[in-house]
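A short write-up of the structure that comes next.
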Amino acid sequence: MTDAAGENPDDKKMPLMEHLIELRRRIIWSLGAFVVCFIIAFVFANPIFDFLTRPLANVWQGQEGRHLIYTALQEKFFANVKVAMFGGLVLAFPIIASQVWGFVAPGLYKHEKGAFLPFLVATPIMFAMGASFVYYIFIPNAFRFFASFEEVAHDGALAITAEPKVSEYLDLIIQLILGFGIVFELPVLLTLLVSAELLETKTLAKQRRFAIVAGFIVSAILTPPDALSMMMMAIPLVGLYEISIIIGRIIEARRRRRRAAEEAAEKAVSEKNVVP
């Protein structure tokens with residue numbers, strides 16, 4: 001059966017159904033990859049947890065009797081589950097990203113693929129940079145600062161000793177790693193918007209003051225409630241904003257040169273086709 005325009009209505013529905021089937025297939029592959037990586041990470045949950053606690057162990061190095069505690073019988077088990085989910089997501093990300101790219105890429109033009117692919121590659125790299133920054137620089141300094149509030153018993157006063165809970169420590173360090181990892185995606189997001197011509201660098205530069213204030217607000221939300229932690233996130237965030245402006249200006253300059261060359265080529269072709 002055809003409509004008045006001579007078109008079969010099923011011809012319009014089939015592409016949508018094919019897209020939905022393809023989307024389902026990509027989601028199943030992504031979930032399957034996550035489940036497999038979750039199981040692998042759960043098997044190695046204790047070594048992963050040891051790696052996450054190493055910054056605190058370094059702060060307490062040489063001090064006998066230091067340990068983490070858990071006050072509920074199931075707490076360590078669920079901590080291992082959290083570790084496995086976190087590790088599984090990290091391990092499965094390349095597969096998930098490839099599935100996203102496999103679903104999106106067929107709908108893009110060649111030049112759009114060339115523009116989008118670098119940002120897809122940069123995403124895990126910037127996240128890894130943020131996670132490395134928080135693990136190797138931020139967390140050791142923050143933990144030394146927090147540990148300095150311990151007190152020894154003197155003049156009848158009780159000692160104040162840190163004995164972090166397993167679940168609370170894990171929640172804190174995962175929050176910090178995810179927070180800094182997401183924050184380090186700022187240049188990727190802003191330069192992608194500039195590349196897509198949805199944002200201009202002159203707008204970014206004009207709104208710099210508001211961006212700085214927003215950066216401090218985000219830092220206050222994502223970090224522990226102390227000024228040192230907030231500053232150690234806010235300063236890199238402001239720096240990343242400035243880097244985004246620089247990269248965006250490079251993209252805009254290349255775009256202007258490309259368009260000027262295309263216009264010059266079109267003008268040369270039109271002049272050649274003019275009959276004297």
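The values are calculated or read from the model by the stated rules, or taken from the named source; none is laboratory data. On a predicted model such as this, the values are computed, not experimentally measured, just so you know. Heads up, the Cβs are rebuilt from the backbone with ideal geometry, glycines too, and the neighbour counts pull from every protein chain shown.
When segment 109-132 is filtered for residues that are more than 13 Å from the chain's Cα centre (by Cα) and either assigned to a helix (DSSP H, G or I) or crowded, with 17+ Cβ neighbours inside 10 Å (or both), the ones remaining, listed by number, are Lys110, His111, Glu112, Lys113, Gly114, Ala115, Phe116, Leu117, Pro118.
One residue stands out in segment 151-181 among those that are farther than 19 Å from Gly88 by Cα and aliphatic (A, V, I, L, M): the one that is surrounded by the most Cβ atoms within 10 Å (Cβ to Cβ), namely Val166.
Of note, Ile247 satisfies the criterion of being of a type in the set (Val, Ile, Thr), touching a residue at least 40 places away in the same chain (Cβ under 8 Å), surrounded by 13 or more Cβ atoms within 10 Å (Cβ to Cβ) and not assigned by TED's automatic domain parsing to the domain that holds Val90. Counting the residues of segment 34-82 that are in a helix (DSSP H, G or I) and closer than 18 Å to Ala92 by Cβ gives 15. Residue check: Val90 meets all listed conditions (1) over 30 Å from His19 (Cβ atoms); (2) crowded, with 17+ Cβ neighbours inside 10 Å; (3) among the hydrophobic types (A, V, I, L, M, F, W, C); (4) at pLDDT below 90 but one, namely (1). Screening the candidates Leu198, Leu193, Leu228 for the property of being assigned to a loop (DSSP other than H, G, I, E, B) and aliphatic (A, V, I, L, M) yields one hit, Leu198. Look at (1) hydroxyl-bearing (Ser, Thr, Tyr); (2) surrounded by fewer than 17 Cβ atoms within 10 Å (Cβ to Cβ); (3) in contact (Cβ under 8 Å) with a residue 24 or more places away in the chain and you find that Ser148 fails only one, number (3). Checking the stated criteria, Thr203 turns out to be surrounded by fewer than 19 Cβ atoms within 10 Å (Cβ to Cβ), part of a helix (DSSP H, G or I) and either in the same structural domain as Gly87 (by TED's automatic domain parsing) or of a type in the set (Ser, Thr, Tyr) (or both).
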